[in-house]
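S.K.: One structure follows; several queries about it will come next.
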Amino acid sequence: MNTYEEVIEFLFSQLPMFQRVGPAAMKYDLSRIKALTDQLGNPEQAYPTIHVAGTNGKGTVSHMMAAILQAAGYKVGLHTSPHYLDFRERIKIDGYLINKEDVIEYVNQLQEFIEAYSPSFFELSVGLAFKYFQDKKVDIAVIETGLGGRLDSTNIIDPILSVITNIDFDHQEFLGDTLEAIAQEKAGIIKANKPVILGQIYEDLLPVFKSKADALQAPLFISDEHFLAIEKPSQSLDQSVYQIFKDGEQKYKSLVLDTAGPYQMHNLRTTLQAIDVIAPDLKINDEHIVEGLKEMQELTYYIGRWTWISRKPLILADSAHNKAGLSYIADWLAFRQRPLHIVLGVVEGKDPKDLFSLFPRMAKYYFTQPDVPRTMEAEKLKLACNEIGLVGESYVKVKDAVATAKTSMQQNDLMFIGGSSFMVAEVL
């Protein structure tokens, strides 16, 4: 394979991606990733890592931490998923995507291994990230998990810090159908004698994490017990400003975060707690924190979350795709004092009536389907949402739904596009 396009076509055809085709793409054990990293010479052992898991927010927390580390002068590898427009978004160093030439070289080198072991798409992306970060001599890498924790392909690292952002329902077919079961899976990233950060965690799930941490003698820090973030009024659509308290005392009067969204205060508290734990060893100071958070999008190539597609008219897209994440969106929309146009699309395996139960009834809806194999047909989505009082028409193509919504908008209206990361990918 000589071109990047040929390599990506090979990856999509030979290694089905969970986000596109669903459970059929999953290979939920660590045998293949261990074989892959052995083949590559165990590159994940060549640099310190930070491991980030959780139901929601783990991608944003990973970007926040990477930005702060970059501001402190470190060369930072960052592995996240899914990608929106380009596979290379999953593997970045200091905000720059992995070179196309390196992707071509690595995949060509691994063709025999791929044919012999049939790793998943995610396993291969993890292995390539580990190798790329070693070859480019990063100082540290932030590694986001995929779906879970205990059997996630990333869970072969021995990080200096583990972070678990929150626990809620998602991917129950792999992680369990109770919050306790999901918590047990996420707790699988906790490592012996290494600190672990808990973000927004239900009180009755704390024993799961405390028991695991105690058994491994891992120091446990709960961000909600130490950090408080109060959002301050801001006229900016792209930034948010917070007053931060640590252990009851003001730490930052006006901390600027280079993104917005009603859920960001939770991600910010988790990040500040994580940085607070590692700051002494890595010589991170307040100036690095302020600079990193204020320039996060540029420093890390942060896209797809709380993205303003247009200012005139106002069009917002967000990749929240489970009930916990979408509930924040629903609450935010409910308080907008302007007519709403809401474009929704989801994948099969989701229950639209549950996902969108909190969405405002007083809005015009445009039901559509992202262009992926496991998409839910627009008409099926429409009928399900009609049952909970969300009324609108169905459109086979996302672009047609968005175009129709645009023609219906008045000057002061607001459009929201969401329900799946694939919806966002089609409008970026």
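Since every read-out is calculated from the coordinates, none of them should be taken as a lab result. Keep in mind that this is a model prediction, so the values were computed, not measured. Because the Cβ atoms are built from the backbone with ideal geometry, glycine has one as well, and the counts that use them run over all protein chains shown.
S.K.: Test of understanding: extend the Cα→C-beta vector of Met362 to 7 Å, then name every residue of the range 303-341 with backbone N under 17 Å from that spot.
M.R.: 330-341
S.K.: Around Tyr242, with a cut-off of 13 angstrom between Cβ atoms, what is the net charge of the other residues, counting Lys and Arg +1 and Asp and Glu -1?
M.R.: That sum, taken over residues with Cβ under 13 Å, equals +4.
S.K.: Next question, about the same structure. Run the helix sum for the chain: -39,500 (n - 2.57) per DSSP H stretch of 4+ residues, divided by residue count, reported at 222 nm to the nearest 500 deg cm²/dmol.
M.R.: Value at 222 nm, helices only, nearest 500: -11500 deg cm²/dmol.
S.K.: Also, quick follow-up: Please state the Cα pair-distance histogram of the range 307-427 with 10 angstrom bins from zero: what percent is in each bin?
M.R.: P(r) for the range 307-427, in whole percents per bin: 15, 53, 30, 2.
S.K.: Listed highest first by mean packing, meaning other Cβ atoms within 10 Å per residue, what order do 113-122, 201-210 come in?
M.R.: Per-residue Cβ counts within 10 Å, averaged per peptide and sorted highest first, yield 113-122, 201-210.
S.K.: Let me ask you something else. Could you check the spin-label model distance between Glu105 and Asp139? Points 7 Å from the Cα along Cα→Cβ, value in nm.
M.R.: Rounded to a tenth, the inter-label distance reads 2.4 nm.
S.K.: Test of understanding: what is the full-extension gain from Asp371 to Asp214, defined as 0.36 nm times their sequence separation minus their Cα-Cα distance?
M.R.: Full extension from Asp371 to Asp214 adds 51.9 nm.
S.K.: A follow-up question, please. So if each residue of separation counts as 0.36 nm, and I subtract the Cα-Cα distance between Glu387 and Ile303, what length gain in nm does that give?
M.R.: 26.9 nm
S.K.: Cα gyration tensor of the range 48-180, axes a ≥ b ≥ c as square roots of the eigenvalues: rounded (a/c below 1.5), prolate (a/b > b/c) or oblate?
M.R.: oblate
S.K.: So, one more: With r defined as the distance between the Cβ atoms of Lys283 and Ala116 and R0 fixed at 41 Å, what FRET efficiency is calculated, to the nearest 0.05?
M.R.: Result of the calculation: an efficiency of 0.40.
S.K.: In addition: Would you please report the Å³ per residue occupied by the convex hull of the alpha carbon atoms in the range 132-271?
M.R.: Spread over its residues, the Cα hull of the range 132-271 gives 148 Å³ apiece.
S.K.: Now for a separate question. What does the convex hull of the Cα atoms come to per residue for the chain, in Å³?
M.R.: Given the Cα convex hull of the chain, per-residue volume reads 136 Å³.
S.K.: Taking the range 56-110 on its own, what percent of its Cα-Cα pair distances exceed 12 Å?
M.R.: 68
S.K.: Shifting gears a bit: Restricting to Cα pairs below 8 Å that are 6+ residues apart, what does the relative contact order work out to for the chain? Please round to a whole percent.
M.R.: Dividing the mean separation by the residue count of the chain yields 15 percent.
S.K.: Rounded to the nearest 5, what % of the DSSP beta bridges within the range 307-427 are antiparallel ones?
M.R.: If I count the DSSP bridges inside the range 307-427, around 20 percent turn out antiparallel.
S.K.: Can you tell me, using C-alpha contacts under 8 Å and at least 6 residues apart, the relative contact order of the range 307-427 as a whole percent?
M.R.: 38
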